[in-house]
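The values are calculated or read from the model by the stated rules, or taken from the named source; none is laboratory data. None of the values given here were measured: they were computed from a predicted structure. FYI the Cβ positions are ideal-geometry reconstructions off the backbone, even for glycines, and counts take in every protein chain you see. Calculation scope for accessible area: heavy atoms of the full protein, side chains included, ligands and nucleic acids excluded. Shrake-Rupley method; radii C 1.70, N 1.55, O 1.52, S 1.80 Å.
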Amino acid sequence: MYRALMAVAGVVLFACGGADAPTPDGGAPPPTPDAGSTGPDAGDPAPDAGSTEEDAGSPWDAVTAELESRVAQAGADVPGVALAIYDAQDRKVYEHRVGDFAPDRRVAVASASKMVSGTLLFELIRQGHLTLDSTTGEVLGWTGDKAGITLRHLLSFTSGLPPSHLCTFQPGITLAACVSSIANASPVAPPGTRFDYGSTHLHVAARMAEVATGKTWNTLFAETLAQPLGLPPEVTYFTAPNRPNGTTNPLVAGGLRASMNEYAPLLAIVFHRGTFGGRTFGTPELFDAQAIEPYPGVIIGNSPARDMGLDLRYGLTAWLECQTPAQGCSVISSPGAFGWTPWVDRDAGYYAVLGMHLERDDPGAGVVSFAMNLSLALQPLIREALTP
């Protein structure tokens with residue numbers, strides 16, 4: 001049944017924001033711990049709260065059963081999945097592996113990069129370098145009908161720019177050169193009137209950050225997020241993250257490489273609305289804005305969620321998983337093309353990373369559909385398991 005999902009059109013946009021995404025190069029995974037390992041890992045938000053092994057009669061049995069059943073049904077299409085769940089105190093309360101994937105395996109997280117990029121930009125706003133209302137005209141010197149594009153438009157993919165551009169996949173150039181090419185592209189709509197999921201918006205937003213600070217995107221990521229969180233330098237953005245290759249023109253919408261253990265503290269910042277480990281990143285107001293659809297009346301153009309039959313709208317670098325996106329959602333997510341799917345559920349008091357990475361040249365639309373539908377099926381079971 002899951003092979004049929006491979007035909008869903010356009011979902012590969014979750015990878016990096018464009019149908020012209022590069023083909024993945026699957027490298028050999030690092031050595032993996034034994035299945036069911038429960039010891040604390042480097043990069044975990046906090047030591048595990050006791051054992052995460054699923055004992056008989058555990059409240060997590062239903063989560064485990066659903067995870068294993070869906071992977072079994074997918075067969076060879078999904079060779080491995082891992083799920084880690086953290087509670088509101090940043091304790092890893094559940095971890096389970098099925099197949100060949102492990103929480104310490106560093107891979108390209110594809111469009112799960114978008115939420116991390118949003119966090120970095122929120123912190124630059126807190127520092128006073130930009131605002132959500134900063135325009136391309138003010139920061140980049142753009143003129144004409146594109147000069148009024150704001151950072152808010154860019155983070156919500158409503159800038160009116162074409163959603164993809166070949167330069168975002170070229171490792172031999174700079175981000176500045178790529179954005180100069182994007183600036184010459186004809187807009188598809190006035191800002192704030194059309195939603196198009198894609199990579200160009202965040203490329204332009206990142207260039208605004210570079211100009212406002214005088215630092216490159218990867219330097220900003222290292223200094224603002226990676227180093228304060230104790231992440232190694234290998235956790236960074238690449239043009240072609242599966243190789244990995246290219247850091248001067250990083251794919252801001254999909255080029256991050258990380259393991260589940262390394263991604264978890266980045267997701268913890270989102271869950272806690274900007275505070276983690278005694279540090280502040282961004283502001284609560286910015287993370288509240290992230291969970292609200294800023295332009296509810298927009299025309300829907302490129303939308304991989306719609307292509308999968310999911311009625312999801314978009315906030316600021318995050319999908320909104322509720323029926324009231326214009327008022328705000330407690331569940332937001334940032335799924336990627338190779339299956340990697342992080343989400344937070346503030347009402348239920350947890351955040352989760354569904355880790356996987358399909359190791360073949362064309363992962364197909366179905367792997368995203370598989371991961372998204374799995375995460376949606378797991379959410380009520382996780383809430384039940386967390387209920388005292």
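What the table shows:
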item: Label zone at Ile299 (point 7 Å along Cα-to-Cβ), backbone N below 15 Å, the range 151-172; result: 158-163
item: Most positive-pole-ward Cα, Pro191, Gly172, Asn242, against dipole of the range 134-261 from beta carbon charges; result: Asn242
item: Accessible-area ranking of Tyr295, Tyr350, largest first, probe 1.4 Å; result: Tyr295, Tyr350
item: Radius 10 Å from Cβ of Pro228, net charge of other residues (Lys, Arg +1; Asp, Glu -1); result: -1
item: Net length gained if the chain between Thr324 and Asp311 were fully extended (0.36 nm per residue, minus Cα distance); result: 3.6 nm
item: Kirkwood estimate for the range 242-388, i.e. one over the average of 1/r between Cα atoms, Å; result: 16.5
item: Mean separation of Cα contacts under 8 Å (6+ apart) over length of the range 100-242, as relative contact order %; result: 26
item: Heavy atoms of Arg306 accessible to a 1.4 Å probe, total area in Å² rounded to 10; result: 120
item: Percent RCO, i.e. relative contact order, over the range 120-185, from Cα pairs under 8 Å lying at least 6 residues apart; result: 21
item: Projected label distance in nm at Asp100 and Ala88, using a 7 Å step from Cα toward the beta-carbon; result: 4.1
item: Reachable lysines from Lys215, criterion Cα separation under 27 angstrom, eight or more residues apart if same chain; result: Lys114, Lys146
item: Extended-chain gain in nm, criterion 0.36 nm per residue less alpha-carbon gap, Ala177 and Thr193; result: 3.1 nm
item: FRET efficiency for Glu285 and Ala65, using Cβ-Cβ distance with R0 set to 30 Å, rounded to 0.05; result: 0.15
item: For Asp288, solvent-accessible area (1.4 Å; no DNA, RNA or ligand), Å²; result: 60
item: Cα-centre dipole for the range 229-388 with unit charges at Cβ (Lys and Arg positive, Asp and Glu negative), debye to 20; result: 220
item: Charge dipole (the range 231-388, unit charges on Cβ, about Cα centre) - positive-most of Gln323, Val252, Leu374; result: Val252
